[in-house]
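The values are calculated or read from the model by the stated rules, or taken from the named source; none is laboratory data. Just so we're clear, the structure is a prediction, and the values are computed from it rather than from any experiment. All Cβ positions, glycine included, derive from the backbone under ideal geometry; neighbour counts span all protein chains shown. With ligands, DNA and RNA removed, areas are computed over all heavy atoms of the protein, side chains included. Shrake-Rupley method; radii C 1.70, N 1.55, O 1.52, S 1.80 Å.
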Amino acid sequence: MRSNFAIAALVAALAIAGSVQLSAQDSAPGNWQLYLIPDGKTVYDSVNGVTWLTDANLAASKDADSANDAAADDAPPRFGLPLCNPASTGACIWADGAMSYTSAQEWVRRMNAAGYLGHSHWRLPSTPFKDSGCTSKGPSHENFGFGCSAGALGFLYYAALGIEAPNTAVPIPSNTVGPFQDFKPGVYWSGSYGGGLKDSKANFSFADGGQGGTNTFNYSYVLPMIKGKIPGTPPANGNGLELSPNGLTVYDPVADVTWPADANLAVQKPFSLKPCKSPAKPTLCMANDGSMNYASAEKFVADMNSANYGAETSLLLTVAWELPPSDPACPQYNCTERNPMGELYYNQLGLQAGTPVVPIPDNSLSPFLHLQPGYYWSCEGSAINQPCIADSTPVPNTGAQFDFSFGNGFLSTAREPGAHFVTVYFVGCDLPNAEECVIVTPPKPPIPPKCPPTDPSCYQ
C-alpha cells in the first residue's frame, strides 16, 4: 500500500535527502525515497541514522566460495563459514543464505574483522522489548505479532517501504514445479500441534525444507491433502508424482496422499474467503498472496470438502481434504517418513535442505537487492541506533531471539537451530555528500477533517 503524504512534505523530504537515482524497480509500494538514500552497496536510513547493506542476503552470494576478499566487487564472501548440511553442528550458512542466530553472530563478527566495505561496526538489527504498535504480547510480556514498527526491520517494512501487513514484500511470479503450479517458497500450515504455546501449530517451509511452528494468528500458505488416492483415478504407475485426468490433483504414491495441483489454490479459488483488510482484526480471510491465519485455513479446507473439490464428477463419491500432519519428533530438516510435505519436498521434488522450491526474484524491492520474503534475525535492543543487549533473549531461558518476516510483517521469536536470513547495518553515515547524512523527521499523514453530522457526503 502506498503511503499518502502531502506533496509539499514529499518535496521537502526529498530535498533534504538529496539526489536519488531511480530505476524500474521504484514502482515498489511506499515512499521509501522519504527515508532511504541508496549509495551503491549501502542504504542510509535518514530517520534513524543507520546505514544498511544494499544486499539484503549477502551471505547467499553464489561466488562466496571463490574468494574471501571482502573488497571483491563480485564475490561478497561468507567470511570463511562453511555451507550447512543437515548434520552440521557448528556455525554455518545454508545455500539460500539462512543461518542460525549463533551463526549470524559469528558471521557479523567475521565481517567486522574483515572490515567489510571499510567498516568494522556492522551489527544485527535491533528490536525493542516493548512496542505499542504490536498486536500481541508474549509470555514474558514482550510485544510481538503484526504492526511492530519500532524495531529496525519493522520500520523498513511498515514505514520506509510502506507495506501493509499481511502482504509480502516480494511477490513470487507464477511458476510450475513438476505437475504443480504456483508453489510459494514459504511456510505452509500443518494440522499438528507446533509445540510451545497452546495456540502453536506446526508448519513446513518450502523455502528451505525445515519444519517448525508458529501462532495460529500468523499467516501461512495452505496445501491440503487427501489420505490415499481419489477413487476413480487411474491406478498408480511407479513411485513418481501423478497428475489426475481432470488436472486438479496430484497423487504421491510414496506418501500415499493426494495434493491439489495448484499449490496456492486459494488465490484462484478462495471459495468463501474474502480479502483480508487488517491482521489486527482477525477474521476469516485471505491475504493477496494466498496466505492466511489458521482459522481461515481450516475454513478453506472445509470449503474444499463442501465443494467436493478434485473428485471425479462421473462418480458420486466425496473427498476428505485435511491439513497435512507433521511429527514433532522429526528433526528440523530431512524429515520425510512422518511428514507428507517433507516427503514431497525432499523425495518427489528432489530438493536439498536450504533450497527454495522456486527461485526468489533477484531484484526484490528498491532500494534493496535480494530481499527474501521470509524471516530475518533481529536482536533485542532499546532503540534502532542502540546496540544489542548482551546475552538477552525476549523469552527468558529459551534461547529465543526476535525475528521478523518480510513475507507478511510478523514479528516473533525463534529458537536455535532455526535458520533465518540476515542483513546488517552500522550506526552512522558514510555518504560522499555529508549534507545527505542529516537525520530527518518523516512527515505525518494529514489528519482527515471532522465530518459535521449535517454533511453526509463528508463520510463517503
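Side notes on the structure shown:
- Full-stretch length increase - residue 132, residue 113 - with 0.36 nm per residue and alpha-carbon distance subtracted: 3.2 nm
- Carbon plus sulfur fraction of accessible area for the stretch 82-212, probe 1.4 Å, in percent: 54 percent
- Net charge of neighbours whose Cβ lies under 15 Å from the Cβ of residue 166, counting Lys and Arg as +1 and Asp and Glu as -1: +2
- Overall, the stretch 83-203 carries a charge dipole of about 240 debye about its Cα centre when +1 sits on the Cβ of Lys and Arg and -1 on the Cβ of Asp and Glu, all other atoms neutral.
- With each label modelled as a point 7 angstrom along the Cα→C-beta vector, the residue 41-residue 338 pair spans 4.6 nm.
- Sequence-ordered 3J(HN,Hα) estimates for the stretch 144-158 from the Karplus curve with 6.51, -1.76 and 1.60 and θ = phi - 60° stand at 7, x, 8, x, 7, 10, 7, x, 4, 6, x, 4, 4, 5, 7 Hz, glycine and proline given as x.
- Per residue solvent-accessible surface (Å²) - the stretch 273-409, probe of 1.4 Å: 43 Å²
- Highest to lowest packing among 46-56, 325-335, scored as the average C-beta count within 10 Å: 46-56, 325-335
- In this structure, the pairs whose alpha-carbon distance is over 22 Å, taken from 130/281; 198/281; 130/184; 269/299; 137/281, are 130/184.
- Solvent-accessible area, 1.4 Å probe, carbon plus sulfur percent, for the stretch 257-399: 52 percent
- Once the chain from residue 274 to residue 327 is taken as fully extended at 0.36 nm per residue, the excess over their C-alpha distance is 15.9 nm.
- Computed label-point distance, nm, for sites residue 246 and residue 199 using a 7 Å Cα→Cβ extension: 3.6 nm
- Cβ-defined net charge surrounding residue 58, 10 Å radius [Lys, Arg +1; Asp, Glu -1]: +1
- For the stretch 102-200, accessible area per residue (1.4 Å probe, heavy atoms of protein chains only), Å²: 37 Å²
- Charge tally in the Cβ shell below 12 Å around residue 177, where Lys, Arg are +1 and Asp, Glu are -1, residue 177 excluded: -1
- Amide H partners (placed H, <5 Å) of residue 47, local residues excluded: 440
- Pairwise label distance in nanometres, residue 416 with residue 433, each label 7 Å out on the Cα-Cβ vector: 4.6 nm
- Separation of alpha-carbon centers, the stretch 375-393 and the stretch 136-161, rounded to whole Å: 12 Å
- Backbone N atoms of the stretch 314-357 closer than 12 Å to the 7 Å Cα→Cβ label point of residue 239 belong to residues 347-348.
- Annotation: peptides 210-223, 342-355, ranked by per-residue average of other Cβ atoms within 10 Å with the highest first, follow the order 210-223, 342-355.
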